[in-house]
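A.B. asks: Let me give you the structure first, and then I'll get to my questions.
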Amino acid sequence: MTKIDLITGILGSGKTTFLLKYARHCIDMGENIAILENDFGAVNIDMMMLQELKGERCRLEMIAGGCDADCHRRRFKTQLISLGMQHFDRVIVEPSGIFDMDEFFDILHDPPMDRWFETGSVLTIADGEMDSQLSPQMEYLLGSEAACCGKLVISKLRGEADTALVQSILDHVNRALEDIRCDRRLSLRDVVAKDWESFTDEDYRLLGNAGYRGSSYVKKFSPEDIESSVHYFMHITVPEDSIESLIAEIFADESCGRIFRIKGALPVKDGWLKINATREKTEISAVTDGQPVLIVIGDDVSRERIDGHIKPLNTDSEYVSI
């Protein structure tokens, strides 16, 4: 049977960065894999970020949003049927940061998926730089996505992991679990706290065999309730030397909301630039293909205030924000 792994984590936690490393290791070990980007959003920039993996041993597939939950579930199931018929060694699913965990397990128990797939590892990425208190919606997602994980993988660590920081994140996750009335509590043995650049073959073996836990919890929000945390700013053409300062201005302007990630792609003279930014760091790199969009993730995002930063620089007359 094909192993199917699920990589979860709240918006901006670092899922795609982790997936790049995890999938690359699987490929290097000789596995034939498929990656399914399962996104409720209207545009999937993470799919573009994964293009470097595409090749003989790696297939990329995507479920775009723009539909209701039932339609999204049908599309997810259809994609899994297609992948199941192709007998990959491993399928890795990266959902949006807004995801109902039951959707994954329920579909895997439906025929014919139950004949083709076995649940591999559920890995939840916890942001090593997250605030000690998130919005109620994000706290719910943090708890619900960690409830079933085989391993909690902490992101954005540099060098040797700080014991106090790791314990603080673990305590935070456990508070989120308690808040959704989940009986599970994570301990240090459930955590992978290590700079991802120093992962060894043994670390990846541990992750690939992490399994999952069946845990119940109270559903305080539905994915549709939380969708407003993501906004799309499309058809953007701005001077290349203004891109980094534009990103910095949006983060710095508190009236734009509590923003914790901006990602996307913008056209430049010789191609495209991929944008991946947090408050701490902005990464801009050249890519061969793209779609002119910035995706802003956060709490209480003001689309109008962000428009005010983009419009004076933008020369694309078809600009739209949603």
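The values are calculated or read from the model by the stated rules, or taken from the named source; none is laboratory data. Everything numeric here is computed off the predicted structure, so don't read it as measured data. Note: ideal-geometry Cβ built from the backbone for every residue, glycine included; neighbour counts use all protein chains shown. Each accessible area value is taken on the protein alone, full model and side chains, heavy atoms only, with ligands, DNA and RNA left out. Shrake-Rupley method; radii C 1.70, N 1.55, O 1.52, S 1.80 Å.
A.B. asks: Please find, among Glu202, Glu160, the residue that is within 19 Å of Gly14 (Cα to Cα) and open to solvent by 80 Å² or more (accessible area, probe 1.4 Å).
C.D. replies: Of the residues listed, the single one that is within 19 Å of Gly14 (Cα to Cα) and open to solvent by 80 Å² or more (accessible area, probe 1.4 Å) is Glu160.
A.B. asks: Sticking with this structure for a sec: Within the stretch 104-153, restricting attention to residues that are assigned to a strand (DSSP E or B) and charged (D, E, K, R), which residue is modelled with the highest pLDDT? Show your work before the answer.
C.D. replies: Our first condition is that a residue be assigned to a strand (DSSP E or B); within the stretch 104-153, this holds for 117-127, 149, 151-153.
When the remaining residues are screened for being charged (D, E, K, R), the result is 118, 127, 151.
Working: Glu118: 93, Asp127: 90, Lys151: 97.
Out of the qualifying residues, it is Lys151.
A.B. asks: Just one of (1) farther than 30 Å from Ile306 by Cα; (2) touching a residue at least 24 places away in the same chain (Cβ under 8 Å) trips up Leu142, so point out which.
C.D. replies: (1)
A.B. asks: Limited to the stretch 287-305, what total is found for residues that are among the small types (Gly, Ala, Ser) and modelled with pLDDT under 90? Break it down stepwise before answering.
C.D. replies: Taking the stretch 287-305 and keeping what is among the small types (Gly, Ala, Ser), we get 290, 298, 302.
The next check asks that each one be modelled with pLDDT under 90; those that pass are 290, 298.
Matching residues across the stretch 287-305 total 2.
A.B. asks: List the number of the failed condition for Asp190; all other conditions in (1) surrounded by 13 or more Cβ atoms within 10 Å (Cβ to Cβ); (2) touching a residue at least 40 places away in the same chain (Cβ under 8 Å); (3) in contact with a Ser or Thr (Cβ under 8 Å, 6 or more places away or on another chain) hold.
C.D. replies: The failed condition is (3).
A.B. asks: Separate question: Go through the stretch 276-302 and report how many residues are more than 19 Å from the chain's Cα centre (by Cα) and among the aliphatic types (A, V, I, L, M).
C.D. replies: 2
A.B. asks: Hey, among Gly257, Gly308, which residue is in contact with a Gly (Cβ under 6 Å, 6 or more places away or on another chain), modelled with pLDDT of 90 or more, among the small types (Gly, Ala, Ser) and open to solvent by less than 80 Å² (accessible area, probe 1.4 Å)? Walk me through it before giving the result.
C.D. replies: Numbers: Gly308 fails: in contact with a Gly (Cβ under 6 Å, 6 or more places away or on another chain).
Answer to the check: Gly257.
A.B. asks: What single numbered condition from (1) modelled with pLDDT under 90; (2) outside any strand (DSSP E or B); (3) touching a helix residue (DSSP H, G or I) at 6+ places or on another chain (Cβ under 8 Å); (4) crowded, with 18+ Cβ neighbours inside 10 Å fails to hold for Tyr22?
C.D. replies: That leaves (1) as the condition not met.
A.B. asks: Within the stretch 94-101, is even one residue hydrophobic (A, V, I, L, M, F, W, C), without any contact (Cβ under 8 Å) to a residue 60 or more places away in the chain and either open to solvent by 10 Å² or more (accessible area, probe 1.4 Å) or assigned to a helix (DSSP H, G or I) (or both)?
C.D. replies: Looking for residues that are hydrophobic (A, V, I, L, M, F, W, C), without any contact (Cβ under 8 Å) to a residue 60 or more places away in the chain and either open to solvent by 10 Å² or more (accessible area, probe 1.4 Å) or assigned to a helix (DSSP H, G or I) (or both), one finds none in the stretch 94-101, hence no.
A.B. asks: Would you confirm whether any residue within the stretch 170-177 is modelled with pLDDT of 95 or more, touching a Phe, Trp or Tyr at 6+ places or on another chain (Cβ under 9 Å) and surrounded by 20 or more Cβ atoms within 10 Å (Cβ to Cβ)? I'd like the intermediate steps shown before the answer.
C.D. replies: Residues of the stretch 170-177 modelled with pLDDT of 95 or more: 170-177.
Next, only the ones that are touching a Phe, Trp or Tyr at 6+ places or on another chain (Cβ under 9 Å) stay: 176-177.
Those still in the list that are surrounded by 20 or more Cβ atoms within 10 Å (Cβ to Cβ) too: 176-177.
Within the stretch 170-177, one or more residues are modelled with pLDDT of 95 or more, touching a Phe, Trp or Tyr at 6+ places or on another chain (Cβ under 9 Å) and surrounded by 20 or more Cβ atoms within 10 Å (Cβ to Cβ).
A.B. asks: Taking Glu249, is it touching a residue at least 60 places away in the same chain (Cβ under 8 Å), open to solvent by 60 Å² or more (accessible area, probe 1.4 Å) and in a helix (DSSP H, G or I)? Before the answer, list the steps.
C.D. replies: Details: touching a residue at least 60 places away in the same chain (Cβ under 8 Å): yes; open to solvent by 60 Å² or more (accessible area, probe 1.4 Å): yes; in a helix (DSSP H, G or I): yes.
Spelling it out, Glu249 is indeed touching a residue at least 60 places away in the same chain (Cβ under 8 Å), open to solvent by 60 Å² or more (accessible area, probe 1.4 Å) and in a helix (DSSP H, G or I).
A.B. asks: Using the structure shown, decide if Pro111 is out of contact with any Leu (no Cβ under 9 Å at 6 or more places or on another chain), open to solvent by 10 Å² or more (accessible area, probe 1.4 Å), farther than 18 Å from Lys220 by Cβ and not small (Gly, Ala, Ser).
C.D. replies: On the way: out of contact with any Leu (no Cβ under 9 Å at 6 or more places or on another chain): yes; open to solvent by 10 Å² or more (accessible area, probe 1.4 Å): yes; farther than 18 Å from Lys220 by Cβ: yes; not small (Gly, Ala, Ser): yes.
Yes.
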